[in-house]
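The values are calculated or read from the model by the stated rules, or taken from the named source; none is laboratory data. None of these values were measured; they are calculated from a predicted model. Neighbour counts are summed over all protein chains in view; Cβ atoms, including those assigned to glycine, are modelled from backbone coordinates with ideal geometry. Side chains included, ligands, DNA and RNA excluded: accessible areas come from the protein's heavy atoms. Shrake-Rupley method; radii C 1.70, N 1.55, O 1.52, S 1.80 Å.
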Amino acid sequence: SCGNTEDLPSNYAIIRSQECVTVRHLLERTVGEVARAVKWSGKIERCEDVGRLVVVLEKMLQTIQPSATDVEQRDGDERARSGKFTLVFDGIEMQRDASYKLVPALGRLSEIVSTRSSRWVPHFAQRN
């Protein structure tokens, strides 16, 4: 399990990978959980591969507004930093039907998903 959710920022989604039967199920669960977390009001799109996941997440993460803790003081000016979004893949190493490329691809999402309004922080919870 991924531990205490009190340690996570306000914008987060936890994907319990072991509950997903296929990789497609994992990706669609990811989209659904991110949509819930950011209170997405648009249509939730289908997601069949990691490439499509990038496109869908970019749209959703653009809706994140910086929280009060994301505001920083600089030379007397308050400048809002980008809001943060944390995505936790709990038990991803035990994902059924996953190719050896899945975890590295998900790990690189923070480099690929380019939004101005959010900083993407993927996290992989390890099982003990």
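How much solvent-accessible surface does residue 99 expose, in Å² to the nearest 10, with a 1.4 Å probe and all protein chains in place?
70
Describe numerically, in nm with one decimal, the distance between label points set 7 Å from Cα along Cα→Cβ at residue 96 and at residue 112.
The modelled label-to-label distance comes out at 2.4 nm.
Could you name the lysines in cross-link range of residue 43, using Cα to Cα under 16 Å and dropping any fewer than eight places away on the same chain?
Within reach: 59.
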